[in-house]
Amino acid sequence: MQVLQMRGPGELVLTTLPVPTPGPRDVLIRTLAATICTSDLHDLARNPFGIALPRVLGHEAAGVVAACGEEAREFAPGMRVAAHPVVPCGGCAECARGFGHLCARMGHLGNDRDGAFAEYFVQRADRVRRLPEQVPATVGALLEPVAVCLQAVARAGAVHGRDVLVAGDGPFGNIIARLAVGQGARRVIVAGREPFRLGRIPGVITVKSAPKASADVSILAVSSTQAAVSCLEALRPRGRLVVFSALPEAVALDLTSLHLREQEIVGACNDEERLDDALRCLSDPELALHEIVTHALPFARWTEAFALARDGHDRALKVAITFPETA
Ligand SMILES: [Zn+2]
Ligand SMILES: [Zn+2]
């Protein structure tokens, strides 16, 4: 099978590998669509998580079941499915506490095992969901991005009737803003730089920089220390900052200001089993999440797809790589 393998910083190579064999609890999936994530671009540029190379990247994908392990009885060849990349070990202290998404021995597609920028990939069956008929594979590939955005909103506490600031106009900021609107936030303000991207989020107020003391909740959905500071300044007393994006460096904090205003800062990383909620969101016409995927390019045009995801902020949001419908 053809795959995109990372071999070093900035080095992504089209090569051939054997089709993987599913283990007893696994599903072998013939890829139909895999979306490019900001984290793929970061991995490729400077490998911040220290992925052991060579590695097939790609962790947001949907496809057709090609084969099942003997214990993966809920699936059968031919079913259209989407995969979540995180594989909790089930045995560590965090897994035992019910925090599989914070697992100390977490497996992750495209990180410790080969991912989905490939004609086939394998995932443990409990991390796979059947796709509703009306959800195309390019949208199904958003299962995990939507699940982690649901986590970001959940970590904010109830957003219903409250003012929410989302810092960042990328695919994650866009999805988070849509979910906050869908969950009945009073006002959703999105701060970003790209008019194209800001113009693609219905039902929100868009701004270049966050107004101070304007939000009950601020959600950091851009990897910027300046944006993190703005998010804190945007909070009202008793407000809560959700740190959804990883930051490139430490941020200096005025904890006295936090004390005086009784504010909170929480993290949001991966998601607590929100696959089924995410699946419902993918087929919710109100959320219109298909609008997140602005481009779908066939696998043969993968260099163009990566360039567009990296440099095309003025014309692209999420870029999908697609594969033939039939094997
Ligand atoms: Zn991702
Ligand atoms: Zn674990």
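The values are calculated or read from the model by the stated rules, or taken from the named source; none is laboratory data. Source: prediction; values computed, not measured. Glycine gets a Cβ as well: all are built from the backbone with ideal geometry, and neighbour counts include every protein chain shown. When the accessible area is computed, the model is the full protein with side chains, heavy atoms only, and any ligands, DNA or RNA have been set aside. Shrake-Rupley method; radii C 1.70, N 1.55, O 1.52, S 1.80 Å.
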Around ASP163, what is the net charge, scoring Lys/Arg as +1 and Asp/Glu as -1 over all other residues with Cβ under 11 Å from its Cβ?
+3
Taking the Cα centre of segment 1-59 as origin and charging only Cβ (+1 Lys, Arg; -1 Asp, Glu), how large is the dipole, in debye to the nearest 20?
80 debye
Contact order normalised by residue count of the chain, Cα under 8 Å, 6+ apart, percent
18 percent
Comparing ILE189, ILE292, ILE205 in a Gaussian network model of the chain (Cα, 10 Å), the one with the largest mean-square fluctuation is ILE205
Result for segment 78-145: accessible area per residue, probe 1.4 angstrom, in square angstrom, of 37 Å²
Computed magnitude of the charge dipole of segment 176-277 (debye, nearest 20; Cβ of K, R +1, Cβ of D, E -1)
620 debye
Please report the accessible area of ARG310 (heavy atoms, 1.4 Å probe, ligands and nucleic acids excluded) in Å², nearest 10.
130 Å²
Using a 1.4 angstrom probe on heavy atoms only, work out the carbon and sulfur share of the accessible area of segment 214-259 in %.
55 percent
Which value does Rg/Rh take for the chain over its C-alpha atoms, Rh per Kirkwood?
0.97
Given the -39500 (n - 2.57) contribution per DSSP H run of 4+ residues, what per-residue ellipticity at 222 nm results for the chain, rounded to the nearest 500 deg cm²/dmol?
-6500 deg cm²/dmol
Over what distance in Å are the Cα centres of segment 128-168 and segment 220-282 separated?
16 Å
Enumerate the helices in the chain for which the Kyte-Doolittle hydropathy averages 1.0 or more and the C-alpha atoms extend at least 30 Å along the helix's axis, using complete DSSP H runs.
none
Principal semi-axes in Å for segment 79-207 [√(5λ), Cα gyration tensor, largest first]:
30, 19, 14
Name the most mobile residue of LEU131, LEU17, LEU198, meaning the one with the largest mean-square fluctuation, in a Gaussian network model of the chain with Cα contacts below 10 Å.
LEU17
As an exercise, use a Förster radius of 41 Å and the Cβ-Cβ distance of GLN226 and SER283 to find the FRET efficiency, rounded to the nearest 0.05.
0.65
Counted charge near VAL87, where neighbours are those whose Cβ lies closer than 11 Å (Asp, Glu -1; Lys, Arg +1)
+2
Debye intensity ratio I(q)/I(0), log10, segment 1-96, q values 0.11 Å⁻¹ (C-alpha model):
-0.41
